[in-house]
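Visitor: My questions will all concern the structure given below.
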Amino acid sequence: MITRFAPSPTGLLHLGHAFSALTVWQAAQAAGGTMLLRHEDIDTTRARPAFYTAIEEDLAWLGLSWPAPVRRQSEHLDDYAAMLARLIGLGAVFRCPRTRKELAEAAAGAPQAGDAADPFAAPNLPRLPEAEVERRIAAGESFAWRFDPVAAARLLAGGAPVFEADGVVLEADPFRLGQAILARKDAPASYHLCVVHDDALQGVTDVIRGADLAGAAHLHVTLQALLGLPVPRYHHHRLLTGPDGRRFAKRDGAVTLQALRAQGWTADRVRAQVGL
Ligand code: GLU
């Protein structure tokens with residue numbers, strides 16, 4: 001088994017991350033496999049040098065180890081651009097110059113993505129006429145590349161790709177996450193594109209991550225099928241909540257592992273606190 005823990009170095013790790021990292025680590029240990037560490041740092045406006053080191057220190061303190069080198073996505077933008085070019089060649093993405101406000105207006109009353117409750121889902125909106133897109137881009141407007149579920153379904157008409165998630169075999173639904181952004185207006189790639197590329201490149205056999213990404217697996221498997229990439233097994237763990245019942249979030253500075261360590265917590269106490 002090759003699995004990975006893939007944090008974004010945009011803040012310090014908290015108990016929710018500790019739970020996720022320990023879950024991934026324990027699965028790798030139990031299978032005699034390997035846990036990779038990957039820094040998902042394509043959002044260079046939010047990644048900070050100090051966080052890469054802090055994350056690695058926290059994970060080592062928890063007793064985890066991983067092979068070198070640790071991949072940093074920001075150093076591989078050409079790889080993601082090449083993936084995007086293949087999707088453009090297939091016609092599986094489209095250019096979207098719409099602003100946030102326009103999208104919100106268009107979304108009101110439009111059919112939503114398969115799971116409207118999914119925090120990552122984008123609506124499936126009627127597209128702007130291509131002539132308007134051309135005109136706006138020629139006039140200098142920036143645009144995002146969005147996934148086209150209709151085109152993907154047509155390209156995969158021979159049979160929906162199947163994948164294993166939490167021990168159940170599912171058919172990937174290209175509409176589940178809607179017209180997700182695959183390359184942002186201000187960045188050459190998005191999370192979805194990078195994660196699909198890197199999991200294949202790094203030979204990841206088992207993706208273990210939070211239940212909030214269960215819907216995203218449908219898009220990721222669809223992209224793997226379109227691009228001829230291997231499909232890993234998916235496992236989703238529960239999301240840890242604080243005493244108030246809310247998910248741990250980066251803004252809750254008090255529960256960072258650094259703060260707990262400064263208060264004298266041991267790694268064992270963290271493990272016990274998150275129930276592992
Ligand atoms: N970078 C993502 C996060 O921090 C990881 C998601 C994944 O494991 O694919 O939530």
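Visitor: Restricting the stretch 1-10 to residues that are open to solvent by 10 Å² or more (accessible area, probe 1.4 Å) and more than 8 Å from the ligand (Cβ to nearest atom), which is farthest from residue 28 (Cα to Cα)?
Guide: 10
Visitor: Looking at (1) in contact with a strand residue (DSSP E or B) (Cβ under 7 Å, 6 or more places away or on another chain); (2) touching a residue at least 60 places away in the same chain (Cβ under 8 Å), find the lone condition where residue 72 falls short.
Guide: So residue 72 meets the others, but not (2).
Visitor: Test residue 244 against the criterion of being touching a helix residue (DSSP H, G or I) at 6+ places or on another chain (Cβ under 6 Å) and in a loop (DSSP other than H, G, I, E, B), and give yes or no.
Guide: No: the conditions fail for residue 244.
Visitor: In the set 45, 34, which member is away from the ligand (no atom under 12 Å from the Cβ), more than 22 Å from residue 248 (Cβ to Cβ) and touching a strand residue (DSSP E or B) at 6+ places or on another chain (Cβ under 6 Å)?
Guide: Checking each option against the conditions leaves just 34.
Visitor: Being open to solvent by 30 Å² or more (accessible area, probe 1.4 Å), assigned to a loop (DSSP other than H, G, I, E, B), more than 16 Å from the ligand (Cβ to nearest atom) and at pLDDT 95 or above: is that true of residue 67 here?
Guide: Yes.
Visitor: Continuing with this model, one more query. Looking at the structure I just gave you, is residue 66 aromatic (Phe, Trp, Tyr) and more than 21 Å from the chain's Cα centre (by Cα)? Steps first, please.
Guide: Values: aromatic (Phe, Trp, Tyr): yes; more than 21 Å from the chain's Cα centre (by Cα): no.
In short, no.
Visitor: Filter the stretch 186-219 down to the residues that are in a loop (DSSP other than H, G, I, E, B), more than 12 Å from the ligand (Cβ to nearest atom) and buried (at least 18 other Cβ atoms within 10 Å of the Cβ) and list them by number.
Guide: Within the stretch 186-219, 189, 215 qualify.
Visitor: Another question, if that's okay. Would you confirm, using the coordinates I've provided, whether residue 271 is over 18 Å from residue 119 (Cα atoms), not aliphatic (A, V, I, L, M) and not in a loop (DSSP other than H, G, I, E, B)?
Guide: When the stated conditions are applied, residue 271 passes them.
The values are calculated or read from the model by the stated rules, or taken from the named source; none is laboratory data. Computed from a prediction, not measured in an experiment: that's the story for all the values here. Cβ sites come from the backbone with ideal geometry, for glycine too, and all protein chains shown count toward neighbours. SASA here: full protein model, heavy atoms, side chains in, ligands and nucleic acids out. Shrake-Rupley method; radii C 1.70, N 1.55, O 1.52, S 1.80 Å.
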